[in-house]
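**Student:** Got a structure here, written out as structure tokens. Questions coming.
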Amino acid sequence: MGDFQARSVELLGSFRIESPVAEAFELFSPLGETRWVPGWSPELLHPPAATWERGLVFRTREERGEAIWVVTQLDREGHAVEYHRVEAGRYVARVAVRCAPRGEQETDVQVAYTFVGLSETGNAEIAFMTPEAYEQKMERWKVWITGHLRLRPPSASGGRRLGGGGPRASRPARGAARRPSARDGARRGSRSRS
């Protein structure tokens with residue numbers, strides 16, 4: 001297959017959100033991310049009727065085509081998940097998210113991405129994935145999640161607006177607040193999202 005040498009990069013980031021850990025963790029499921037990631041619309045493929053379990057395969061539409069995702073690890077009690085994402089002809093990515101309680105009402109979120117190029121095109125994209133760009137991505141994620149949590153109705157816990165409720169939580173009314181769009185640089189792409 002020639003002299004191709006895959007380039008790789010590992011990027012680590014973290015942020016804190018105001019939400020109990022169990023509720024925060026659900027925001028990193030394929031369907032949970034629809035609540036805060038602009039344009040995120042996963043198509044759950046297999047197994048039938050599964051929404052978040054180890055082995056789940058789903059597809060997303062990305063700026064430059066399609067991505068296939070597989071949930072490779074899921075530890076609900078430990079609040080940790082790992083995905084592998086393949087964008088054919090570009091790269092494969094390992095995405096690991098771990099949530100840890102910070103008291104009862106806050107959660108520390110750690111996100112690690114590892115990219116491996118599958119082509120010269122993928123290698124070229126990876127060359128631009130810098131720690132500084134990744135830090136900006138983590139800040140965007142925090143802003144999007146915080147915006148989602150603030151739009152939620154007050155919870156039963158003393159009227160504070162928390163991140164809770166899991167998958168059944170209510171959503172803000174359509175048009176209640178403007179969410180970031182791709183034009184705002186809010187594309188999650190290489191999950192800058194890319």
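Please treat every number below as a calculation from the coordinates, not as lab data. What you see is a predicted model, and the numbers here were worked out from it, not measured in a lab.
**Student:** Taking Rh as the Kirkwood radius computed over C-alpha pairs, what is the Stokes-Einstein D of segment 1-61 at 10 °C in a medium of viscosity 1.306 mPa s, expressed in µm² per second?
**Tutor:** 109 µm²/s
**Student:** Using Cα pairs under 8 angstrom and six or more residues apart, how large is the relative contact order of segment 8-152, in percent?
**Tutor:** 29 percent
**Student:** Separation of segment 24-43 and segment 94-117 by C-alpha centroid, Å?
**Tutor:** Rounded to whole Å, the Cα centres lie 14 Å apart.
**Student:** For segment 8-152, compute the orientation-averaged projected area of the C-alpha convex hull (one quarter of its surface), in nm².
**Tutor:** 8.5 nm²
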